[in-house]
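Down below is the structure, laid out as C-alpha cells.
Derivation of every value follows stated rules applied to the coordinates shown; laboratory data play no part. The shown structure was predicted, so the numbers you read here are calculated from the model rather than taken from an experiment. Neighbour counts run over all protein chains shown; Cβ positions are idealised from the backbone, glycine included.
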Amino acid sequence: MKAGIRKNDFVMVIKGKDRGKKGRVLHVLPRENRILIEGVNFVKKHTKPRSATQQGGIITMEKPISISNVQYFCMRCNKPVRLGIKKLDDKTDVRVCKKCGEIAEIK
C-alpha cells in the first residue's frame, strides 16, 4: 500500500520554478502523475474572443505540476517529510509523518 499525496493535503514544492512554495492540493490527476496546487505554477494563457460577450486577452491560471516535484508538508515538524502507514488498534490504516509520528489523516 502506498501513502501518496491526496486532495486537501498541504504540500511543498521541492523542484522547479516554484521551489519552496507551499499550498493545498486542489485536484489529483493519478493517470498523468500530476496534481493541481493552490497558488503554485501560474502560467499566462492567451485567449481569443469566442462570442460577442466573451472578451479575449491574457489570463493567468494555475496548471498541474508533477507529483515527483512536491512533498507532504508536516505542520508539526514544519518541514517537508515522507509519509508512512501505521495500523491503529481498531485495525484502521492511517498515514503518519516518518519524522515525528503525527497522524496525517485517517483512511
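Would you please give the FRET efficiency between Arg6 and Lys45, computed as 1/(1 + (r/R0)^6) with r the Cβ-Cβ distance and R0 = 30 Å, to the nearest 0.05? Intermediate results must be reported in sequence, preceding the final value.
Details: r = 27 Å, r/R0 = 0.91.
In this case the efficiency is close to 0.65.
Taking 0.36 nm per residue of separation and subtracting the current Cα-Cα distance, fully stretching the chain between Lys98 and Lys21 would add 25.6 nm.
Please report Rg over Rh for the chain, where both radii come from the alpha carbon positions and Rh follows the Kirkwood definition.
Values: Rg = 17.6 Å, Rh = 15.6 Å.
So for the chain, dividing Rg by the Kirkwood Rh gives 1.13.
Write out the trypsin sites (Lys or Arg not before Pro) in the stretch 40-82 meeting two conditions: DSSP loop, and at most 12 other Cβ atoms within 10 Å of their Cβ. Here the sparse-neighbourhood loop sites are Arg50, Arg76, Arg82. Compared with the alpha-carbon gap, the fully stretched path from Thr53 to Asp90 is longer by 7.6 nm at 0.36 nm per residue.
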